[in-house]
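Read the figures in this text as sums done on the coordinates, not as results from a lab. Worth saying up front: this structure is predicted, and the values here are computed from it rather than measured. Note that each Cβ is placed from the backbone with ideal geometry, even for glycine, and that neighbours are counted across all protein chains shown.
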């Protein structure tokens, strides 16, 4: 029995969702044996009318969606807690956050940098996150307000509000509000986008800005919408550059088609209301981005990501590129990490390995964005893809899939720029499904009505399980709680502290402990790698006034040793 639970545990939430769907479907089918259509629908009519009246107040809906995300997740803090960082990416973004929050674009290389080397950061020519700056800026805003996670809450709420605004440009008001509510329930409360420090919502927000501006621009040709589109593209370039570029290709082709088509605006209007505002925004963004990389890497055209990969990685990012010879690593854990990357790359170059990894990518994407519940409306997708209005969202999703086929690694948030395109298609499928008739009435409409009810029920179930400590998913709060507890303990001690970290032979390479703030010398707690007594001595001499501790991060429980 324990083995069975271990096998199904990663899929337990999806299984519960599927069971609820089957139960709801059974009830719907049983009700449709009754000849009275009115009795089947009257219970929803009053609610739907109120919902429709609210949806017509579009600005209010945009505001309410964002405020709902903030208020609901804040109210759940006593049950779900405040997340702690766990992954290498999260700590890297937090380094950028701490840097920006202190008014700097980067940090000087530390004299003892060899002892602090870690993943997804650069130590030379400056000490900084390897990632583009948008995520770090969002978390820095939260840090200035009191805690980096505040930035995560705000950007996720803004993303959901922007998705509502975007959907209003593509769909009738009631359907737009329904789509935003589903996004809030799926992405805005319990997903890792909210409960972590990935700041993935920033790319989804940017993509929604672009997709919301596009139909408005075609209808009204306003400078404001051109600026919104340009801002979205700039944010994509500074959050997920590759995926943002792939996302932008169908947008660019659609604009060219518009300018060349029969309903094109005049050259004068196109120039002054579309092209010049858009170009001005993109040029300003390019100048700011180039200056940032000039300060970080010394070259305005060299990203920190390139510096990191050239310094540490053997495996390239794309399938057609070639492996580099093994580098010399100063720390065993880093050698093992990049050897694992090399093994991933080599596996991806075989047909069976490529197909296996592609299926894993597709499943993780499906589990995050859709799950069983939001897969159901996609049975109407064959009808929706033939609709002219849906050509652009279909093209964007297709381009993203093609882009991912060339990558070695993929996590669900890599798709974030196209979140808006997915929700346009998803809600349009629900509209299509709503017109499907059974012998005694609108069977499809009953299915559509059940989807938000079940989505809300899943949130309620998961929160109740967390409050009752029933294990249907990883425990809350999320993150590396052991490291957070050790750091809290050290911060209660008088004076500054230094921790030398070592690992056991079966260390989890995705659970790194050596991370530091932007200003290492002024940090209350400094984390360093245990390099052996001889090499540790120079670090102890440098930090001679600190209390010094050693720990094995793979011990259970983890204990500090003087």
Next item on the list: Find the eigenvalues of the gyration tensor of the Cα atoms of the range 389-454, then list the square roots of 5 times those eigenvalues as equivalent ellipsoid semi-axes, largest first, in whole angstrom.
Entry: 31, 13, 9
Margin query: What Kirkwood Rh does the range 318-364 have if only Cα atoms enter the pairwise 1/r average? Answer in Å.
Written below: 12.0
Notebook entry, point to check: the range 427-502 to the range 217-265: how many Å between their Cα centroids?
Noted result: 33
Notebook entry, point to check: Within the chain, what percent of beta bridges assigned by DSSP are antiparallel, to the nearest 5?
Noted result: 40
Next item on the list: Estimate the FRET efficiency between residue 276 and residue 299 by the formula 1/(1 + (r/R0)^6), using the beta-carbon distance for r and 25 Å for R0, to the nearest 0.05.
Entry: 0.25
Margin query: What is the angle, in °, between the Cα long axis of helix 37-55 and the longest principal axis of the Cα atoms in the chain? Nearest 10 is fine, range 0 to 90.
Written below: 60
Next item on the list: Once you have all Cα-Cα distances for the chain, histogram them in 10 Å bins from zero and send the whole-percent values.
Entry: 3, 15, 25, 26, 18, 9, 3, 1, 0
Item checked: Calculated Rg and Dmax of the range 512-562 using C-alpha coordinates, Å -> 11.6, 31
Note to self: What is the angle, in °, between the Cα long axis of helix 12-31 and the longest principal axis of the Cα atoms in the chain? Nearest 10 is fine, range 0 to 90.
What the structure shows: 10
Notebook entry, point to check: Add -39500 (n - 2.57) for each DSSP H run of 4 or more in the chain, then divide by its residues: what number comes out at 222 nm, to the nearest 500 deg cm²/dmol?
Noted result: -19500 deg cm²/dmol
Next item on the list: Based solely on C-alpha atoms, express the radius of gyration and the Dmax of the range 101-148 in angstrom.
Entry: 11.9, 33
Checklist line | For the range 47-69 and the range 73-91, distance of Cα centres in Å | finding: 28
Notebook entry, point to check: Can you sort 160, 284, 61 by how many other beta carbons sit within 10 Å, fewest first?
Noted result: 284, 61, 160
Next item on the list: Take 259, 100 and order them by how many other Cβ atoms sit within 10 Å, fewest up front.
Entry: 259, 100
Notebook entry, point to check: Which angle between 0 and 90 degrees, to the nearest 10, do you get for helix 391-404 versus the longest principal axis of the chain when only C-alpha atoms count?
Noted result: 30
Next item on the list: Could you list 262, 524 in order of exposure, starting from the residue whose Cβ has the fewest other Cβ atoms within 10 Å?
Entry: 262, 524
